[in-house]
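The values are calculated or read from the model by the stated rules, or taken from the named source; none is laboratory data. As the structure is a computational prediction, the values presented were derived from the model and not from experiment. Ideal geometry is used to build each Cβ from the backbone, glycine not excepted, and the neighbour counts take in all protein chains shown. Heavy atoms of the whole protein, side chains included, go into the accessibility calculation; ligands, DNA and RNA do not. Shrake-Rupley method; radii C 1.70, N 1.55, O 1.52, S 1.80 Å.
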Amino acid sequence: MALKLYSKTGATRLEFSPSSSDKQSERIMGEASISLSFSLPTAIEILMGDYVDYEGRKYVALANYTPTK
């Protein structure tokens with residue numbers, strides 16, 4: 001299954017295939033989160049407001065994230 005990372009304006013920034021170790025977490029009346037792993041030839045920064053739609057739910061980055069090796 002391919003997923004897309006969108007900018008806060010809705011433009012597609014990246015399309016990727018997640019790994020089998022990805023996790024989705026949800027609490028009753030609490031926060032929902034998602035953890036995705038994927039590899040790219042070059043690193044891209046995930047910016048605050050970027051989002052992924054996963055299983056009908058929108059997950060938004062709350063802070064900038066710069067990947068490390």
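Keeping every protein chain in place, order L40, L5 by accessible area at 1.4 Å, biggest value first, i.e. largest first.
Working: L40 65, L5 10 Å².
Putting L40, L5 in descending order of accessible area: L40, L5.
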### Query
How do S17, S39, S33, S7 rank by accessible surface area computed with a 1.4 Å probe, from largest to smallest?
S39, S17, S33, S7
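Sort 59-67, 46-54 by the packing proxy (mean of other Cβ within 10 Å over each peptide's residues), most packed first. All intermediate terms of the calculation are to be shown ahead of the outcome.
Working: 59-67: 11.7, 46-54: 15.8.
In descending order of packing, they fall as 46-54, 59-67.
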